[in-house]
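Undergrad: Pasting a structure here, questions to come.
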């Protein structure tokens with residue numbers, strides 16, 4: 001049985017910079033009435049350049065007319081959805097937000113979903129504050145709406161704030177959990193009554209443009225987990241309930257998310273008052289398509305083009321509802337993604353690396369059990385290894401000696417780049433050793449992690465059949481960061497930027513002050529003086 005990481009404790013110290021006085025002076029006399037934050041799950045930064053010539057909608061507007069940070073990164077090691085979303089509007093790395101992995105992100109059995117349709121979820125593990133908290137501290141009339149297909153994509157940009165937070169259930173409804181309320185607002189019930197997801201039964205995903213406009217090969221055997229159906233068209237189930245459930249893997253899901261967000265803006269009157277309101281929308285279909293077909297697929301190409309059109313309609317609709325001169329946008333992603341090793345091996349003549357840590361750790365676990373360990377002294381999840389030192393002491397095993405055994409055994413596995421002892425990370429040169437730096441930014445000070453494992457670039461865990469992410473390497477860490485609206489100077493900015501810079505920059509623009517130290521900084525270079 002695979003050992004699992006099971007607990008997190010309270011927050012550790014943060015090392016960061018606060019909003020500077022100079023940056024505070026850039027806030028306009030009349031702040032924006034609406035901040036629109038857009039996250040695109042698994043959107044690589046290079047998609048903007050690769051497909052940009054074919055954009056006609058929202059990505060064309062944002063990429064062509066916004067302040068684009070061309071070298072923007074997450075700066076933590078486990079590049080998953082939950083940690084990434086926890087950084088976006090908090091301005092802090094996961095060591096501060098406490099959100100270290102997806103499994104230890106928002107799942108919460110004590111906060112069931114209203115009406116069912118999925119597991120319980122809440123932000124109870126999240127630590128500290130976010131932009132929404134700073135906004136309400138200044139003006140309690142400020143309201144927020146956060147929407148996503150995924151629970152973690154909706155919850156974490158709002159932190160622990162009990163604003164309006166909704167996500168898509170497996171039965172085709174938008175709902176929330178009892179952390180936020182015991183029932184749904186009338187406008188949500190009215191939207192759900194349309195049963196939009198069910199209406200896609202029998203729908204077929206065809207190419208948006210003529211096939212000649214796509215350079216990618218359509219039929220690639222490694223796509224779709226090697227289970228066939230790798231070419232266009234891609235049909236949806238004829239059964240309406242199945243169609244609603246599987247809509248999450250089709251581009252139309254993004255359109256439904258946008259429609260729901262617009263319905264919320266209207267019903268909640270976001271951006272209509274004298275205060276600044278916040279709309280956070282996380283689009284998840286790019287992640288679903290990217291996992292299934294990969295970042296070099298014809299499917300991801302078509303998905304990004306369709307996202308561009310969806311965002312174009314979304315932004316145009318917002319401008320019809322509210323004064324465009326008083327809306328600001330920020331766009332980013334929670335992580336990137338790597339190519340399938342088999343595809344990279346064929347293209348670049350590189351070896352296929354699929355390291356498997358589990359058998360090695362299971363053997364050590366069996367050895368410990370033979371010595372009387374019945375409580376699980378060795379714990380492993382998402383490349384973090386912990387030891388239960390009390391249990392090891394009980395069975396008379398020296399923890400430091402065991403750490404050496406584990407580290408040597410894991411390092412010997414082909415495809416493993418390094419195994420670091422956590423207590424030695426701070427002694428590394430983190431200006432040049434990005435792996436050490438990103439692990440330091442990952443782990444809360446009170447998380448009793450002992451070892452962290454890093455695979456070689458482009459290696460995949462042996463059990464993973466789809467394109468994936470989660471490493472400290474740049475292809476998983478580099479993402480788009482774009483600011484758009486009247487306060488920003490359009491252009492391409494090549495200086496290094498962080499996703500953690502988004503929250504303090506937006507705070508400066510709307511004239512609110514973060515209530516704690518941040519890891520990100522205000523990008524004064526993109527603000528109009």
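The values are calculated or read from the model by the stated rules, or taken from the named source; none is laboratory data. Note that this is a predicted model, so its numbers are computed, not measured. Glycine gets a Cβ as well: all are built from the backbone with ideal geometry, and neighbour counts include every protein chain shown.
Undergrad: Would you check if residue 194 is modelled with pLDDT of 95 or more, over 30 Å from residue 518 (Cα atoms) and part of a helix (DSSP H, G or I)?
TA: no
Undergrad: Could I ask something else about it? Which residues, counting only those in the stretch 473-492, are in contact with a strand residue (DSSP E or B) (Cβ under 8 Å, 6 or more places away or on another chain) and either under 15 Å from residue 339 (Cα atoms) or without any contact (Cβ under 8 Å) to a residue 24 or more places away in the chain (or both)?
TA: 474, 477, 478
Undergrad: Are any of the residues in the stretch 499-511 modelled with pLDDT of 95 or more, surrounded by fewer than 24 Cβ atoms within 10 Å (Cβ to Cβ), in a loop (DSSP other than H, G, I, E, B) and over 22 Å from the mean Cα position of the chain (by Cα)?
TA: Yes, the conditions are met somewhere in the stretch 499-511.
Undergrad: Please state which one of 144, 172, 128 is at negative phi, under 23 Å from the mean Cα position of the chain (by Cα) and modelled with pLDDT of 95 or more.
TA: On the way: 172 fails: at negative phi; 128 fails: at negative phi.
Criteria check complete, one pass: 144.
Undergrad: Do you know which residues across the stretch 216-235 are touching a residue at least 60 places away in the same chain (Cβ under 8 Å) and part of a loop (DSSP other than H, G, I, E, B)? Can you show your working first?
TA: First pass over the stretch 216-235, keeping only residues touching a residue at least 60 places away in the same chain (Cβ under 8 Å): 216-218, 220, 222-226, 230, 232, 234.
Those that are touching a residue at least 60 places away in the same chain (Cβ under 8 Å) and part of a loop (DSSP other than H, G, I, E, B): 216, 217, 218, 220, 222, 223, 230, 232.
Undergrad: Restricting attention to the stretch 150-161, does a residue exist that is at positive phi and at pLDDT 95 or above?
TA: yes
Undergrad: Just a yes or no: is a residue in the stretch 460-477 buried (at least 21 other Cβ atoms within 10 Å of the Cβ), modelled with pLDDT under 95, farther than 24 Å from residue 33 by Cα and not assigned by TED's automatic domain parsing to the domain that holds residue 385?
TA: Yes, some residue in the stretch 460-477 is buried (at least 21 other Cβ atoms within 10 Å of the Cβ), modelled with pLDDT under 95, farther than 24 Å from residue 33 by Cα and not assigned by TED's automatic domain parsing to the domain that holds residue 385.
Undergrad: Further, regarding this structure: For the stretch 59-76, name all the residues that are touching a strand residue (DSSP E or B) at 6+ places or on another chain (Cβ under 8 Å) and not in a helix (DSSP H, G or I).
TA: 66, 67, 68, 69, 70, 71, 72, 73, 74, 75
Undergrad: Taking the condition of being outside any loop (DSSP other than H, G, I, E, B) and surrounded by 13 or more Cβ atoms within 10 Å (Cβ to Cβ), how many residues in the stretch 197-211 meet it?
TA: Qualifying residue count, the stretch 197-211: 5.
Undergrad: Can you tell me which of 414, 448, 457, 444 is surrounded by fewer than 21 Cβ atoms within 10 Å (Cβ to Cβ) and more than 30 Å from residue 225 (Cα to Cα)?
TA: 448
Undergrad: Please find, among 95, 160, 124, the residue that is outside the structural domain of residue 439 (by TED's automatic domain parsing), within 26 Å of residue 499 (Cα to Cα) and assigned to a helix (DSSP H, G or I).
TA: It is 95.
Undergrad: Right, something else. Check 187, 167 and return the single one that is surrounded by fewer than 23 Cβ atoms within 10 Å (Cβ to Cβ), touching a helix residue (DSSP H, G or I) at 6+ places or on another chain (Cβ under 7 Å), touching a residue at least 12 places away in the same chain (Cβ under 8 Å) and outside any loop (DSSP other than H, G, I, E, B).
TA: It is 187.
Undergrad: Of the residues that sit in the stretch 517-529 and are surrounded by fewer than 16 Cβ atoms within 10 Å (Cβ to Cβ) and in a loop (DSSP other than H, G, I, E, B), which one is nearest to the chain's Cα centre (by Cα)?
TA: Step by step, filter the stretch 517-529, then rank; the result is 528.
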